[in-house]
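For reference, the structure discussed in these notes is given below.
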Amino acid sequence: MRQMRAMAPLPTYDQIRDDFSFLDNWEDRYRYVMELGRALPPLDAQLRTEQNKVRGCASQVWLASRLIGDQGARTLHFDGDSDSQLVRGLVAILFVLVQDRTPAAILAVDPQAAFAELGLGEHLTPQRSNGFASMVARVRADAGAAGL
């Protein structure tokens, strides 16, 4: 399993899945998810607004998106954070799936399936699982609005 330091690039989803397969218990997997969260860049204080707050999460979560590129190759870039280390790790996993992709590509991804494949749904509280669903809904709404 690779060690991450703050601000290190996030691994790919396939690397995360492989790392999960090497971890023997859920305590180690929780630590790994939190380590993923530490690799996220800090969220600019100006983005910690009510508009960027994700509703439906037990913890405070902020997600902001912006379009990058010209009309022909526009992608969405996301910034995010949480006051919970575990949730910050879930944000990181979500970003691995959607970061810097076109709105259409984001809408074609199924983060809930990836979440289930990692076994997170069965090992997190229902509140955390619902929070992840709220984050996914927010990312999909941003992608839908950007794709118009």
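Considering the values (i) 18.2; (ii) 15.5; (iii) 17.2, which represents Kirkwood radius over Cα pairs in Å as calculated for the structure under consideration?
Answer label, from the structure shown: (ii).
According to the Kirkwood expression over distinct Cα-Cα pairs, how big is the hydrodynamic radius of region 1-84, in Å?
The Cα-based Kirkwood calculation yields 14.8 Å.
Over what distance in Å are the Cα centres of region 25-48 and region 83-148 separated?
14
Run lengths n ≥ 4 of DSSP H only: what is the helix-derived mean residue ellipticity at 222 nm for the chain, with -39500 (n - 2.57) per run over all residues, to the nearest 500?
-15000 deg cm²/dmol
Since every read-out is calculated from the coordinates, none of them should be taken as a lab result. From a predicted model like this one, the values you see are computed outputs, not experimental measurements.
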